[in-house]
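The values are calculated or read from the model by the stated rules, or taken from the named source; none is laboratory data. Computed from a predicted structure; not experimentally measured. Because the Cβ atoms are built from the backbone with ideal geometry, glycine has one as well, and the counts that use them run over all protein chains shown. To get the accessible areas, we keep the full protein, side chains included, count just its heavy atoms, and leave off ligands, DNA and RNA. Shrake-Rupley method; radii C 1.70, N 1.55, O 1.52, S 1.80 Å.
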Amino acid sequence: MTYAFLYMVLYPDVQRRIQAEIDAVASPDHDTLEYSCLEKMPFTEATMHEVFRISHIIPLPSPRRAMVDYKYRDWVIPEGTAVFFNLVAVMMDKQYWGDPECFRPDRFLDPTRTKCVNTERVIPFGFGKRQCLAETLGRESFFVYLTTFLRKYNLSLPPGTTRKPSPDSKPNMTLRPEPFEIMMTKQIGRAHV
């Protein structure tokens, strides 16, 4: 969520587009949106994919082990060798994404802007038999938290902020941005708030 809040502050137009989708599907009878609403919110879904892609919180998931000798091009990976997958290399591949360092959720929308596409290389939870068991919980929680906050609040930089926060990651076991401050302003005059 830290990266999502950071990008909402840095890209207020993205925040407004998500809020417009929330307004279009939200029921005044419920405080939160159901995850099933996501299928009616292509830009919100695209933004979630872009946050997952560009923030790559876990750059190197748990290693795997080669079960047999494996030849890849001119290299041989001997049986029993620990193999690490560099998820950053996949999610920040310049040849595939073109401008991977740019936060651009629209890259995931089809030409009609009604469907989320090209998501197969967004693998923040890993892939295959060893992918994160909590992926569904993670995606659903992310959606509910993001839409709940943006339904009730506008996120911005505090008045007097002289330096925009940086999305550059601070190295650790998991990556995170440098600490930053945001201002949450309660939305007034909207029927659902």
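Residues in segment 103-125 that are open to solvent by 60 Å² or more (accessible area, probe 1.4 Å) and either over 25 Å from residue 85 (Cβ atoms) or in contact with a Ser or Thr (Cβ under 6 Å, 6 or more places away or on another chain) (or both): 111, 112, 113, 114, 115. I need every pair where a residue in segment 89-108 that is touching a residue at least 12 places away in the same chain (Cβ under 8 Å) has its Cβ under 7 Å from the Cβ of a residue that is surrounded by fewer than 10 Cβ atoms within 10 Å (Cβ to Cβ), sequence separation at least 6 or different chains. Close Cβ pairs satisfying both conditions: 100/94. When residue 168 is tested against (1) over 25 Å from residue 85 (Cα atoms); (2) in contact with an Asp or Glu (Cβ under 9 Å, 6 or more places away or on another chain); (3) not aromatic (Phe, Trp, Tyr), exactly one condition is not met: (1). Of all residues in segment 159-184, those that are touching a residue at least 60 places away in the same chain (Cβ under 8 Å) and open to solvent by 60 Å² or more (accessible area, probe 1.4 Å) have Cβ atoms under 7 Å from Cβ atoms of residues that are of a type in the set (A, V, I, L, M, F, W, C) and not in a loop (DSSP other than H, G, I, E, B), 6 or more apart or on another chain, in 164/10. The set of residues in segment 11-31 being of a type in the set (A, V, I, L, M) and more than 23 Å from residue 167 (Cβ to Cβ) consists of 20, 22, 24, 25, 26. Restricted to segment 126-155, and to residues there that are open to solvent by less than 40 Å² (accessible area, probe 1.4 Å) and polar (S, T, N, Q), the residue that is farthest from residue 56 (Cα to Cα) is 148. In segment 21-30, the count of residues that are modelled with pLDDT of 85 or more, touching a strand residue (DSSP E or B) at 6+ places or on another chain (Cβ under 7 Å), surrounded by 13 or more Cβ atoms within 10 Å (Cβ to Cβ) and not in a loop (DSSP other than H, G, I, E, B) is zero. For segment 61-102, the set of residues classified as open to solvent by less than 40 Å² (accessible area, probe 1.4 Å), touching a helix residue (DSSP H, G or I) at 6+ places or on another chain (Cβ under 9 Å) and modelled with pLDDT under 90 consists of 61, 91, listed by residue number. Pairs meeting the criteria (first residue in segment 116-145 and more than 24 Å from residue 92 (Cβ to Cβ) and modelled with pLDDT of 90 or more, second residue in a loop (DSSP other than H, G, I, E, B) and of a type in the set (Asp, Glu), beta carbons under 9 Å, at least 6 apart or on different chains) are 144/34.
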